[in-house]
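*Asks:* My questions will all concern the structure given below.
The values are calculated or read from the model by the stated rules, or taken from the named source; none is laboratory data. None of the values given here were measured: they were computed from a predicted structure. Cβ sites come from the backbone with ideal geometry, for glycine too, and all protein chains shown count toward neighbours. The accessibility values were calculated without ligands, DNA or RNA, using every heavy atom of the protein model including side chains. Shrake-Rupley method; radii C 1.70, N 1.55, O 1.52, S 1.80 Å.
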Amino acid sequence: MKLSEINIRDPFILFYEDKYYMYGSRVGEQRGFDVYISDDLTDWSNPVSIFEYYDGFWGTNQFWAPEVHLYHNTFYMFASFRDNENHRGTAILTSKTPDGKFKEHSEGAVTPKKWSCLDGTLYIEDKTPYMIFCHEWTQVKNGEICMVRLSDDLKRAVSEPKLLWRAADAKWVFSVKGNDEYVTDGPFLYSLNGRLICMWSSFGKKGYCQAVAYSDNGKIDGNWLHLSQPIYEGCGHGMLFNTREGNLKLVFHKPNTHTLERACIVDIEEKNITEMIQLG
């Protein structure tokens, strides 16, 4: 399959043992996750099911934004689910292989129980695991990016959530419905030339956007600042990965229109991001 044939949202690409594994949200029936596998980022396998809803699983619908991270020689999926009480949170699943069947690892969601959350992502700093996630605009209106420290086995949160920033802190962000409601989507952290950056998405003047925030001290607990404009428009929920050749790539879905979404992979230069940060 070509990328143009794969209808997917929230794409996430893992490079492991000379193959690329792409995960994402299904656009149709959203009660499971698939992986697509490629040798060259051009030709992809048919979807391989790696997790499906089963009786007794706490999440009942809206299985969204799976990310798979290799941590201590095991693969961990961070994914968002909604239950019958309209509660949404990010849980952690695990598998011995990147294309194997994933099983529950955390005891339900690791995001705060009374919050509506999604898009949890793993970041390791000084050997300590953290999860960065969105506190949804549907609950707080001005969507938030927050973090919690995780236990070393990734089974639970071991700290209170800390606010990193709110959507409207970025001056380019527009209200999603015109009534002071602002979206945060898809955080993904990456260490770049001594700087810590976060890819994230919201809505700007031209709709859904891919944006960059950065920490002023290169650490997760620094003050988070924002570029004056998004780096791409009409697309979003992106993440960064390195190819086998060591080139940095950005993948996001485009357009942000139901049934038309496709994964889009673009080259991105570290020096260009560094220059943008220096210019603010």
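*Asks:* If I filter region 201-215 down to residues being in contact (Cβ under 8 Å) with a residue 40 or more places away in the chain and closer than 21 Å to residue 271 by Cα, which single residue comes out as most open to solvent (accessible area, probe 1.4 Å)?
*Replies:* Once the filter is applied, the top-ranked residue is 214.
*Asks:* Please determine, by comparing only the residues of region 172-188 that are modelled with pLDDT of 95 or more and open to solvent by 10 Å² or more (accessible area, probe 1.4 Å), which one is nearest to residue 12 (Cα to Cα). Step through it out loud before you land on a result.
*Replies:* Applying the first criterion (modelled with pLDDT of 95 or more) to region 172-188 yields 172-175, 181-188.
Filter once more, so that each one left must be open to solvent by 10 Å² or more (accessible area, probe 1.4 Å): 172-175, 181-182, 185, 188.
Details: 172: 25, 173: 24, 174: 26, 175: 26, 181: 27, 182: 24, 185: 14, 188: 10 Å.
For region 172-188, the residue satisfying everything is 188.
*Asks:* Does residue 115 satisfy the condition of being surrounded by 15 or more Cβ atoms within 10 Å (Cβ to Cβ), within 26 Å of residue 208 (Cβ to Cβ) and in contact with a helix residue (DSSP H, G or I) (Cβ under 7 Å, 6 or more places away or on another chain)? Give the steps one after another, and end with the answer.
*Replies:* Details: surrounded by 15 or more Cβ atoms within 10 Å (Cβ to Cβ): yes; within 26 Å of residue 208 (Cβ to Cβ): yes; in contact with a helix residue (DSSP H, G or I) (Cβ under 7 Å, 6 or more places away or on another chain): yes.
Answer is yes for this residue.
*Asks:* Of all residues in region 124-162, how many are open to solvent by 50 Å² or more (accessible area, probe 1.4 Å) and polar (S, T, N, Q)?
*Replies:* 2
*Asks:* Right, next: Given the structure, is residue 238 surrounded by fewer than 16 Cβ atoms within 10 Å (Cβ to Cβ), closer than 23 Å to residue 145 by Cα and not polar (S, T, N, Q)?
*Replies:* On the way: surrounded by fewer than 16 Cβ atoms within 10 Å (Cβ to Cβ): no; closer than 23 Å to residue 145 by Cα: yes; not polar (S, T, N, Q): yes.
No: the conditions fail for residue 238.
*Asks:* Further question: Does region 218-235 hold any residues that are among the hydrophobic types (A, V, I, L, M, F, W, C) and open to solvent by less than 70 Å² (accessible area, probe 1.4 Å), and which are they? I'd like the intermediate steps shown before the answer.
*Replies:* So the first thing to find is which residues in region 218-235 are among the hydrophobic types (A, V, I, L, M, F, W, C), and the list is 220, 224-225, 227, 231, 235.
220, 224, 227, 231, 235 - these are the residues of region 218-235 that are among the hydrophobic types (A, V, I, L, M, F, W, C) and open to solvent by less than 70 Å² (accessible area, probe 1.4 Å).
*Asks:* If I ask for residues that are of a type in the set (A, V, I, L, M, F, W, C) and either in contact with a Cys (Cβ under 8 Å, 6 or more places away or on another chain) or surrounded by 15 or more Cβ atoms within 10 Å (Cβ to Cβ) (or both), which ones from region 53-79 would you list?
*Replies:* 57, 58, 63, 64, 65, 68, 75, 77, 78, 79
*Asks:* Hey, another quick one. Condition first: modelled with pLDDT under 95, under 23 Å from residue 251 (Cα atoms) and either in a loop (DSSP other than H, G, I, E, B) or out of contact with any helix residue (DSSP H, G or I) (no Cβ under 6 Å at 6 or more places or on another chain) (or both). Can you find one or more residues in region 201-208 that meet it? Can you show your working first?
*Replies:* Of all residues in region 201-208, those modelled with pLDDT under 95 come to 205-206.
Imposing the further condition that a residue be under 23 Å from residue 251 (Cα atoms) reduces the set to 205-206.
After this cut, where a residue has to be either in a loop (DSSP other than H, G, I, E, B) or out of contact with any helix residue (DSSP H, G or I) (no Cβ under 6 Å at 6 or more places or on another chain) (or both) as well, the list is 205-206.
Checking region 201-208: at least one residue is modelled with pLDDT under 95, under 23 Å from residue 251 (Cα atoms) and either in a loop (DSSP other than H, G, I, E, B) or out of contact with any helix residue (DSSP H, G or I) (no Cβ under 6 Å at 6 or more places or on another chain) (or both).
*Asks:* Given the criterion at pLDDT below 95 and on the phi < 0 side of the Ramachandran plot, identify the matching residue among 244, 195. Steps first, please.
*Replies:* Working: 244 fails: at pLDDT below 95.
Criteria check complete, one pass: 195.
*Asks:* Looking only at strands (runs of 3 or more DSSP E) that fall completely inside region 1-96, which ones have 3 or more residues that are closer than 25 Å to residue 247 by Cα?
*Replies:* Values: elements: 8-16, 19-26, 32-38, 48-52, 61-71, 74-82, 88-95.
Qualifying strands (runs of 3 or more DSSP E): 8-16, 19-26, 32-38, 61-71, 74-82.
*Asks:* Among the numbered criteria (1) surrounded by 17 or more Cβ atoms within 10 Å (Cβ to Cβ); (2) charged (D, E, K, R); (3) in contact with a Ser or Thr (Cβ under 8 Å, 6 or more places away or on another chain), which one does residue 19 miss?
*Replies:* The failed condition is (1).
*Asks:* Still on this structure: Do we find a residue being open to solvent by less than 60 Å² (accessible area, probe 1.4 Å), under 21 Å from residue 159 (Cβ atoms) and of a type in the set (A, V, I, L, M, F, W, C) anywhere in region 96-112?
*Replies:* yes
*Asks:* Do any strands (runs of 3 or more DSSP E) entirely within region 210-268 hold 1 or more residues that are under 29 Å from residue 16 (Cα atoms), and if so, which?
*Replies:* Details: elements: 224-226, 236-242, 248-254, 262-267.
Counting at least 1 such residues, we get 236-242, 248-254, 262-267.
*Asks:* Residues being of a type in the set (Ser, Thr, Tyr) and surrounded by 11 or more Cβ atoms within 10 Å (Cβ to Cβ): count how many of those fall in region 244-280. Even if it seems obvious, please write down each step before you answer.
*Replies:* Narrowing region 244-280 to residues of a type in the set (Ser, Thr, Tyr): 257, 259, 274.
Subsequent filtering for residues that are surrounded by 11 or more Cβ atoms within 10 Å (Cβ to Cβ) retains 257, 274.
Within region 244-280, residues that are of a type in the set (Ser, Thr, Tyr) and surrounded by 11 or more Cβ atoms within 10 Å (Cβ to Cβ) number 2.
*Asks:* Kindly indicate whether any position in region 118-125 is in a loop (DSSP other than H, G, I, E, B) and either under 27 Å from residue 221 (Cα atoms) or polar (S, T, N, Q) (or both).
*Replies:* Keep residues of region 118-125 that are in a loop (DSSP other than H, G, I, E, B), which gives none.
So far as region 118-125 goes, no, none of its residues is in a loop (DSSP other than H, G, I, E, B) and either under 27 Å from residue 221 (Cα atoms) or polar (S, T, N, Q) (or both).
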